[in-house]
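S.K.: Structure provided below as structure tokens; questions to follow.
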Amino acid sequence: MSGRHIRSGAVLALVTAAILLIGADPQGAQALDTALAAVPRLQVYGAAPQSTPAENAAFARLDGTLAQIAHHYADRSADHSLAGLRALNPAARLRLVAPRTAPEVLIDAVTDADPHALRSQLGELGLRDPAMFANDVGGWLPVDQLGRAARLASLRFARASMPHRRAGPVATQGDFAQGSAAIRTSFPRLTGAGITVGVLSDSFNCYATYATSGVPRSGYSGYALNGFTATYADDQNSGALPAGVAVLKEASCLNYGAPELPPFGDEGRSILQIVHAIAPAAGLAFYTAENSEADFASGIGQLAAAGAKIIDDDVGYFDEPFFQDGIVAQAIDQVAATGVAYFSSAGNDGRFSYENTAPAFPVTAGSGPNAGEQLLNFDSSGASTSTMLPITIPALYPGEFVALVVEWDQPYLTGAASSGGATSAIDLCVLGSVGIDQINFQAAGGSSTCTGPNATGVDPVQILVVGNPASASGYSGVVNLNVQIGLASGSMPGRIKFVLEGNGAAVSINSFDTQSATLQGHPGAAGATAVGAAFYLQTPRCGTTPATLESYSSAGGAPILFSAAGVRLSMPSVRQKPELVGPDGVNDTFLGFIEHVTSTIAGCVDNAALPDFFGTSAAAPHVAAAAALMMQANPAWSPAQIVTALELGAAPMASSVNFDSGYGFVQADAALAQLPPPPPSLSLSPAAITLGASATLSWSSVSTSGCSASGSWSGDKATSGSQSVTPTASGTASYALSCTGPAGSNSASIRLTVNPASAGGSGGGGGAFDVASLLMLCVGLLWARRAPIGRQS
């Protein structure tokens, strides 16, 4: 997800004028409605439909979004069915692919029985592009089959899959800032050669499809709002990327969710530009993360199977667990166990999170869609009773969305088929004031929208999405809302967590803000390294010490309460997340916006002719590519050794390791020095000579301060160099070299074959006759066969 957003001064001025108008006019509410009439209204998505009890029972195994789609599909005309369904929740993924006439929706279906049986049954209902990981079956299901799917005995529940995007070589500023450029200068052979880096993101080269398929370039619904339209072919021509990037799976470019969502951003290609700038000889691979969660998990394994020894991703899912390792985290741990180094963007949600470790529900809602539910008291001190959590949604540009996510301390069923799932039925509601807050709620004329209580035995998560569709005419207004969390039935949860996921937008929790962890899901896996972000210009090499953390960089610290199997741990496990901070705000060829920053330090100069790529999406691939250089230096180093070295070599950003900046800002050259030096590299040219001839012996070492020769040569040597060697005896000459650095020493040797010289000759010979002697012999034999001159026949 790209982390920075351009805000419209015109919209903010309009909102400010409207507020002043209220103070001056006793009829302020009416004046406000008039002033904001042209401002697009935000929408709330994700609530269950208002339908009959029989229909509610039929859709009980579907989340609110899928139930809405199933409920409304029959009411949509054939000409507008796809657009109408997308309007129900733009965060959901829908498509219409010939020859089918019914739209398809991207789902994740979970079972507590045999997932192969569920996959087969969904296949009979028309599931396409299926993926399976653990007990989760993902794919595209025809919307007219949702009702039948909900009645499958093997289905425990299904939800709409909603991936959200975290956002010559051009990305050079971060390369300089983190010291990876210094590595290549000191050790020119370290280029990432022999290492393949895999990336999971939204898309790789959809821009080429959009350019020839009628998708607008400009405007909020265009694919190049900033005016930069570079494709992969353009990147090859400019040197930003090499030919031959292995695209294992591309996004379905034209099925991106128009008109409510903007086109895919090719963020994967921008990430790979960063990798290529730092590790220019590394192999590059890509797998889209724009499909189901099961497909994301499967894609991790497929990248590893294709040879990727380092993997980076920047996509998350709103439903990933905070307190347990979900299926994507499990997939990461599986490939990490085989020697893959995995890096993940920490996210761009700052600390916009409320958490209550002793929740009380003392008040019963008397009216509204959550009537009869016990409401959470957000004042965890107990000094007062407040069932409202006030939040602010800033002006959102068309196509921008904010998620409201609630989770509680009960096990997930997804990835843990025998866990039993949630034992509490929780309802999430948002409330506002009609006529003042520019928002459309579910019910006509209403002032609230609720998810509806979850069924027990499913995942303990509820999600609402507030957004401004890409089809809107401009920025929305600033909106103040209240959040309510109700306990409808079941057991009392022991912990409640609410996260306001703005992906860099200036959201706020206005009271009872606990500023808790927001790093969600798989970046918190034990096998992953989570990376936060600092603007490259605000880092030590570019003049700022310590580096300044981007305000939107997500914070870690959420405890793991359950094993991957869903069994409550005897003691919670709190992992250090994020571990590192990398640079963002670097140039690429198409993604981002013009920042116009200046620097007197050559390596920190921004190219004002190119856009700038912000967010933890840009930070993580910097660290991943630095790891590729280190992995090439010594393939025997494990990912754990490399990550530990990166942590030890980082420049601290606080007085101690913490859940905001981890160990600090990455310093790749300092990290390399933390590791025992690999064996020095030795080569001979030629590898075999005759006695008396010479060969050139070349050597280089990494992270050393000096070397010592032994064997057929001797003395102190530089850390790299070459010299001519001339053995004095035939046979084998052995040249050994031991090099020492701050973290230890290592040695290597090489042998030169020395053939004996020819008899009576000097040098160059290797047999009984040299070439000159052989030629003389042949001439003599030919002369002896000629007839004597003057002899007559």
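S.K.: When you go through Asp202, Asp234, Asp266 one by one, which is the residue that is within 20 Å of Phe590 (Cβ to Cβ) and either surrounded by fewer than 23 Cβ atoms within 10 Å (Cβ to Cβ) or of a type in the set (Val, Ile, Thr) (or both)?
M.R.: Numbers: Asp202 fails: either surrounded by fewer than 23 Cβ atoms within 10 Å (Cβ to Cβ) or of a type in the set (Val, Ile, Thr) (or both); Asp266 fails: either surrounded by fewer than 23 Cβ atoms within 10 Å (Cβ to Cβ) or of a type in the set (Val, Ile, Thr) (or both).
Of Asp202, Asp234, Asp266, the one residue that is within 20 Å of Phe590 (Cβ to Cβ) and either surrounded by fewer than 23 Cβ atoms within 10 Å (Cβ to Cβ) or of a type in the set (Val, Ile, Thr) (or both) is Asp234.
S.K.: If you check Pro678, Pro639, which single one turns out to be within 26 Å of Leu190 (Cβ to Cβ), touching a helix residue (DSSP H, G or I) at 6+ places or on another chain (Cβ under 9 Å), at pLDDT below 95 and surrounded by 17 or more Cβ atoms within 10 Å (Cβ to Cβ)? Let's see the steps before the verdict.
M.R.: Values: Pro639 fails: at pLDDT below 95.
Every option except Pro678 fails the conditions.
S.K.: Now for a different question. Evaluate the range 217-239: report whether one residue or more is charged (D, E, K, R), at pLDDT 95 or above and touching a strand residue (DSSP E or B) at 6+ places or on another chain (Cβ under 9 Å).
M.R.: no
S.K.: Select from the range 310-362 the residues that are more than 17 Å from the chain's Cα centre (by Cα), of a type in the set (Gly, Ala, Ser) and buried (at least 21 other Cβ atoms within 10 Å of the Cβ) and list them in ascending order.
M.R.: Scanning the range 310-362 gives a single hit, Ser353.
S.K.: Any idea which of (1) farther than 16 Å from Ser270 by Cα; (2) at pLDDT 95 or above; (3) open to solvent by 50 Å² or more (accessible area, probe 1.4 Å); (4) of a type in the set (Gly, Ala, Ser) is the one Ala181 doesn't satisfy?
M.R.: (3)
S.K.: Also, quick follow-up: I'd like to know if the range 481-502 contains one or more residues that are within 30 Å of Asp325 (Cα to Cα), over 31 Å from the mean Cα position of the chain (by Cα), among the β-branched types (Val, Ile, Thr) and surrounded by fewer than 24 Cβ atoms within 10 Å (Cβ to Cβ).
M.R.: No - not one qualifying residue is present in the range 481-502.
S.K.: Would you mind telling me which numbered condition in (1) surrounded by fewer than 20 Cβ atoms within 10 Å (Cβ to Cβ); (2) farther than 20 Å from Ala294 by Cβ; (3) aliphatic (A, V, I, L, M) Ala67 fails?
M.R.: Only one criterion is unmet by Ala67, namely (1).
Listed here are the residues, each with its yes/no results for (1) closer than 25 Å to Ala602 by Cβ; (2) at pLDDT 95 or above; (3) open to solvent by 10 Å² or more (accessible area, probe 1.4 Å); (4) in a loop (DSSP other than H, G, I, E, B).
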position	(1), (2), (3), (4)
Thr544	yes, yes, yes, yes
Ser551	no, yes, yes, yes
Ala564	no, yes, yes, yes
Met571	no, yes, yes, no
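S.K.: What residue, of Leu122, Leu118, Leu85, is farther than 24 Å from Tyr256 by Cβ, assigned to a helix (DSSP H, G or I) and open to solvent by less than 10 Å² (accessible area, probe 1.4 Å)?
M.R.: On the way: Leu122 fails: farther than 24 Å from Tyr256 by Cβ; Leu85 fails: farther than 24 Å from Tyr256 by Cβ.
Only one candidate qualifies: Leu118.
S.K.: Still on this structure, I have one more. If a residue has to be more than 22 Å from the chain's Cα centre (by Cα) and in a strand (DSSP E or B) to count, how many in the range 509-542 make the cut?
M.R.: Counting residues in the range 509-542 that are more than 22 Å from the chain's Cα centre (by Cα) and in a strand (DSSP E or B) gives 1.
S.K.: Right, another one. If a residue must be within 28 Å of Leu225 (Cα to Cα), over 22 Å from the mean Cα position of the chain (by Cα) and surrounded by 18 or more Cβ atoms within 10 Å (Cβ to Cβ), how many such residues does the range 596-636 contain? Lay out the reasoning, then the answer.
M.R.: Start the filter on the range 596-636 by keeping residues that are within 28 Å of Leu225 (Cα to Cα), which leaves 596-599, 604-622.
From the residues that got through so far, the ones that are over 22 Å from the mean Cα position of the chain (by Cα) too are 596-599, 604-610.
Next cut, surrounded by 18 or more Cβ atoms within 10 Å (Cβ to Cβ) only: 604, 606, 610.
Number of matching residues: 3.
S.K.: Additional query: Where residues in the range 131-158 are under 22 Å from the mean Cα position of the chain (by Cα) and open to solvent by 20 Å² or more (accessible area, probe 1.4 Å), which of them is farthest from Gly299 (Cα to Cα)?
M.R.: Per the criteria, the residue is Ala134.
The values are calculated or read from the model by the stated rules, or taken from the named source; none is laboratory data. No experiment lies behind these values; they were computed from the predicted model shown. Reconstructed Cβ throughout: ideal geometry from the backbone, glycine too, with neighbour counts over all protein chains shown. These area figures cover heavy atoms from the full protein model, side chains too; ligands, DNA and RNA do not enter into them. Shrake-Rupley method; radii C 1.70, N 1.55, O 1.52, S 1.80 Å.
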